[in-house]
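The values are calculated or read from the model by the stated rules, or taken from the named source; none is laboratory data. Worth saying up front: this structure is predicted, and the values here are computed from it rather than measured. Don't worry about glycine lacking a Cβ; one is built from the backbone with ideal geometry, like all the others, and counts go over all protein chains shown. When the accessible area is computed, the model is the full protein with side chains, heavy atoms only, and any ligands, DNA or RNA have been set aside. Shrake-Rupley method; radii C 1.70, N 1.55, O 1.52, S 1.80 Å.
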Amino acid sequence: RALRHDIGNHISVIEGLVQNHKQEDVEEYVKELKEHYEEITPAIKTGNAVCDVAISEYSDRFSKEGVQFECNFIYPADLKINAFDMCVILSNALQNAYEATVKSKNPFISIKSVVHDNVFILNVRNSISEKVDIGEDGLPHTTKQEKGHGYGLKNIRSIAHKYKGEIEIKQDKAGEEWCFVLNVMLVM
């Protein structure tokens, strides 16, 4: 929004430089403008600005930490799921995936979504160093002892129930390592 607001000023500066035959200055100014634009433009395009920002933040973190990331998440325009709820799901799922995958030998995370009839399915897969202990409630036991942990999957499940859906957790052996799979099903 800020860039859009200031675009008129940028155009005026460029016009002034062109009129004064300052070609090198024009090129430098345009280069700087492009760099600034790329910094504020989310790398991920899902169809929803809130989801774009949420996933892009994690994508940047994954890249810096050497975690392979694949995103095939789409948020259709007619999706009847609140963007705030989807952001809570995405943020918790990606944070959990990140924390689990950094301990693995070949860290990877993938996220994708599928719409089938009136069901929206979110799938998050990530590498883990060892199989996770699942409790009677169907959720992994948290290994963190600090206060405030262990709520992510509970929050995701709560939102799934709000949309008459459910979550499913699976673990598969992927070569030498384990793979943790979270499926979130929401009825639209």
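Here is how the numbers come out for the structure above:
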| read-out | value |
| --- | --- |
| Accessible surface of Val187 - all protein chains present, 1.4 Å probe, nearest 10 Å² | 50 |
| Built amide H within the under 5 Å cut-off of Ala174, gap 5+ | Cys179 |
| Per-residue [θ]222 nm for the chain (sum of -39500 (n - 2.57) over DSSP H runs n ≥ 4, rounded to 500) | -14500 deg cm²/dmol |
| Heavy-atom accessible area per residue - the chain, 1.4 Å, Å² | 64 |
| Longest DSSP-loop-exposure-free segment, GluC sites (Glu not before Pro), the chain, at most 11 other Cβ within 10 Å | 1-129 |
| Cα-only radius of gyration and Dmax that characterise segment 20-130, units Å | 17.9, 65 |
| HN-Hα J in Hz across segment 124-133 - Karplus 6.51, -1.76, 1.60, θ = phi - 60°, x for Gly and Pro | 10, 10, 8, 6, 9, 6, 8, 4, 8, 7 |
| Share of Cα-Cα pairs in the chain lying beyond 24 Å, as whole percent | 49 |
| Folded to 0 to 90 degrees: helix 49-65 orientation relative to the chain principal axis, Cα | 80 |
| Entries in Lys103/Lys170; Lys45/Lys173; Lys103/Lys173; Lys64/Lys154; Lys45/Lys170; Lys64/Lys170 that, when Cα-Cα distance is taken, lie over 24 Å | Lys45/Lys173; Lys64/Lys154; Lys45/Lys170; Lys64/Lys170 |
| Carbon and sulfur %, accessible surface of the chain computed with the full protein complex present, 1.4 Å | 50 |
| Vicinal HN-Hα couplings computed from phi for segment 14-25 (Karplus, 6.51 cos²θ - 1.76 cosθ + 1.60; Hz; Gly/Pro x) | 5, 4, x, 5, 5, 4, 8, 6, 9, 4, 4, 5 |
| Mean Cα-pair separation over length for the chain, i.e. relative contact order, pairs under 8 Å, 6 or more apart, % | 17 |
| Antiparallel bridge percentage (DSSP; both residues within the chain; nearest 5) | 85 |
